[in-house]
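Just so you know, all these numbers are worked out from the coordinates, no wet-lab data involved. Quick caveat, the model's predicted, so the values are computed rather than measured. Positions of Cβ are backbone-derived with ideal geometry, glycine not excepted, and every protein chain shown enters the neighbour counts.
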Amino acid sequence: MHNYKKLDVWNKAVDFATQIYSVTKNFPKEEIYGLTSQLRRASVSISSNISEGAGRNSDKEFRQFLNISFGSCSEIETQLIISYKLGYLSKDDFTSLSEEVIGIQKILYKLIQKFS
């Protein structure tokens, strides 16, 4: 069992999810069940899967949940691009959030390799 609260990537993922919630407050109301919901769920999924995996009994299981978190990051990248192209995100928000999620992915990748 791993202490997920001490993992830098978990803390970054929690902060990222709160940023996503803040930014999506400004999305159009008709997106509440579309991009707003998708971005929010995927962003929460990153830290949630890290913590769930950390509570499992083996490194193999932990790695599997880290991989799911990694996939959520890829999903978010696509959703950020769509949101930006639709004009829901400013260039600054798009750039900042994209860089943040890519940074999280890089940390996850290193952690996944550690448990491979």
At what distance in angstrom do the alpha carbon centres of segment 42-116 and segment 1-29 lie from each other? 10
Mind sorting out which of (1) 1.07; (2) 1.02; (3) 1.17 is the real Cα Rg over 2.2 N^0.38 Å computed from the coordinates? (1)
Close Lys-Lys pairs in the chain, where close means Cα under 20 Å and separation is 8 or more or interchain: 18
With springs connecting C-alpha atoms under 10 Å apart, model the chain as a Gaussian network and identify which of 65, 27, 16 has the largest mean-square fluctuation. 27
Evaluate the distance, in nm, between pseudo-label points positioned 7 Å from the Cα of residue 91 and of residue 57 along their respective Cα→Cβ axes. 5.4
In Hz, Karplus ³J(HN,Hα) per residue of segment 73-89 (6.51, -1.76, 1.60; θ = phi - 60°; x = Gly, Pro): 4, 5, 4, 5, 4, 5, 5, 5, 4, 4, 4, 5, 5, 7, x, 7, 10
Cut-off is 10 Å between beta-carbons; in what order do 36, 78 appear when sorted fewest neighbours first? 78, 36
